[in-house]
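The values are calculated or read from the model by the stated rules, or taken from the named source; none is laboratory data. Only a predicted model underlies this, so the values are computations on that prediction, with no experimental measurement involved. Don't worry about glycine lacking a Cβ; one is built from the backbone with ideal geometry, like all the others, and counts go over all protein chains shown. Just the protein is used for accessible areas: all its heavy atoms, side chains included, with ligands, DNA and RNA removed. Shrake-Rupley method; radii C 1.70, N 1.55, O 1.52, S 1.80 Å.
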Amino acid sequence: MLLYLAAAGIGQLTVADHDTVELSNLQRQVIHSTETIGQPKAESAAIAIRRLDPDARVTALVEKVTAANVEALVAGHDLVVDGTDNFAARYLLNDACFFGGVPLVSAALLRFEGQISTYKAHEPGESRPCYRCLFRAPPPADLVPRCEQAGIFGAVAGVVGTMQATEVLKEILGLGDSLAGTLLLYDALAASVRRIRAKRDPDCPLCGTHPTIRDLSEHVAPQRAA
């Protein structure tokens, strides 16, 4: 996905990832290579982007996106792209983008399936739901396995990543119909794509009529006593 954005001429890219490249990543995260195993993923991705376009302005942040830094990251960008593999990060980005008034293009994968949507709940209208309108709260941590636990059919990451890059470019260029208000579901085994219409939930705790989430405080880890 990042390579397609760079190849399309996106003027500036910021890649934030605290993880390092492992051999098991390569079957789906093809921006990395065997030469960069052990390196920070953000730096590995930046190397690949600059190899494609030496003039690309790419910032590699080798750090975890948290409640402490997410507002500054969101504020400095026109659009946020979520490719995280855990619900804590996904809800954090959703909430931060809502408060920051920045569009969010989010995608998720599991085994042979993927989903993608664009969230612009900071804009008015019932056709502008946020992620919480569709999925009110994260499931229990032990209910949904992470990618390395459940496995991902590598090519599915390529298909959904390409779709995600397309939606990012559409938003930036103002082309076509936005995926805002639509959840797109891809099933590789059935070779099918379904579109599910979604509206803003008036009872949503973030963007509803009477919101109860007014800042990012719920994403701050509680301090433990010494």
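Measure off, as a whole percent, the carbon and sulfur share of the 1.4 Å-probe accessible area of the chain, all protein chains present. Write down the numbers at each step before the final one.
Values: 6720 of 12440 Å².
C and S atoms contribute 54 percent here.
Give the shape of the chain as rounded, prolate or oblate, defined through the alpha-carbon gyration tensor: a ≥ b ≥ c are the square roots of its eigenvalues, a/c under 1.5 means rounded, and otherwise the shape is prolate if a/b is larger than b/c and oblate if not. Rounded is the answer for the chain, as its axis ratio a/c remains below 1.5.
The mean sequence distance of close C-alpha pairs (under 8 Å, at least 6 residues apart), as a share of the length of segment 7-97, puts its relative contact order at 29 percent. Site pair D55 and D177 shows an inter-label distance of 3.6 nm when each label is modelled 7 Å from Cα along Cα→Cβ. The candidates H122, H210, arranged from most to least accessible area with a 1.4 Å probe in the full protein assembly, appear as H210, H122. Taking the DSSP beta bridges with both ends in the chain, the antiparallel portion is around 65 percent.
Here the sum of -39500 (n - 2.57) over DSSP H runs of 4 or more residues, divided by the residues of the chain, equals -8500 deg cm²/dmol at 222 nm, to the nearest 500.
A 1.4 Å probe, protein heavy atoms only, puts the accessible area of T212 near 110 Å². Note that segment 88-199 shows a convex hull volume over its alpha carbon atoms of 107 Å³ per residue. The slack between A67 and R195, meaning 0.36 nm per residue of separation minus the straight C-alpha distance, is 42.9 nm.
Accessible surface area normalised per residue over the chain is 55 Å², counting heavy atoms of protein chains with a 1.4 Å rolling probe.
Accessible area per residue (1.4 Å probe, heavy atoms of protein chains only) ranks I47, I116, I172 as I172, I47, I116, with the largest value leading.
Simple rule: put +1 on each Lys or Arg Cβ and -1 on each Asp or Glu Cβ in segment 1-91, find the dipole, and look at V65, G11, N86; the Cα lying farthest toward the positive end is G11.
Each residue was assigned an accessible area with a 1.4 Å probe, and for H32 the value is about 20 Å².
Counting Lys and Arg as +1 and Asp and Glu as -1, each charge on the Cβ, what is the dipole of the chain about the Cα centre in debye, to the nearest 20? Could the numbers behind the result be given before it?
Working: 21 positive and 26 negative charges, 82 e Å.
Dipole about the Cα centre, nearest 20: 400 debye.
Computed from the alpha carbon positions, the gyration tensor of segment 81-129 leads to an equivalent ellipsoid with semi-axes of 21, 13, 7 Å, biggest first.
Ranked from largest to smallest solvent-accessible area, with a 1.4 Å probe on the protein heavy atoms, F87, F153 come out as F153, F87.
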